[in-house]
């Protein structure tokens, strides 16, 4: 199995990265090929909204890391994506990536209805926020981030088999053994074929 992990956090050693690394270790123990991408390392120009990619099947902007990441996603059997909560949503850099590769995630049929290009692939979503539990859910903080990412993945054909939400990071910044165990368990579920 080929696994793509995208760290949508600007922090290379934060909670999101730590949870993703725990899942990466699970994949590597099962001898899966893993590619780990840090969104903060990518050079991606913003989408101009020209919509030409829908008709042409490619982005008209010059080649950058958006197209390179899409090629990795095309080859992947599974996706693990982590993103901190920014205003009940994903960070802008991650959203910019999704905007730029929409043509490689879904197409429109002749009647204008979208159909997925990654049907049958599986995914896991990981998020963290400063809002304490259960208010992270009630006030749509980490829940909003999950909703936004899950919508994109769903329209693309991914089946989300696991969601991990770390709440209250301002008072409890460190991951607990139980939280890391949940990451490893979710990783094992993802890698079961």
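Annotations for the structure displayed:
- Helices (runs of 4 or more DSSP H) lying entirely in segment 123-193 (those with 2 or more residues that are within 15 Å of residue 78 (Cα to Cα), in contact (Cβ under 8 Å) with a residue 40 or more places away in the chain and in contact with a strand residue (DSSP E or B) (Cβ under 8 Å, 6 or more places away or on another chain)): 142-156, 177-191
- Residue, surrounded by the fewest Cβ atoms within 10 Å (Cβ to Cβ), within segment 13-28, restricted to residues that are free of Cβ contacts under 8 Å to residues at least 40 places away in the same chain and under 22 Å from residue 167 (Cβ atoms): 13
- Test: residue in segment 78-90 that is modelled with pLDDT under 95, loosely packed, with under 14 Cβ neighbours inside 10 Å and under 25 Å from residue 140 (Cβ atoms): yes
The values are calculated or read from the model by the stated rules, or taken from the named source; none is laboratory data. Computed from a prediction, not measured in an experiment: that's the story for all the values here. Cβ atoms come from the backbone with ideal geometry, glycine included; neighbour counts cover every protein chain shown.
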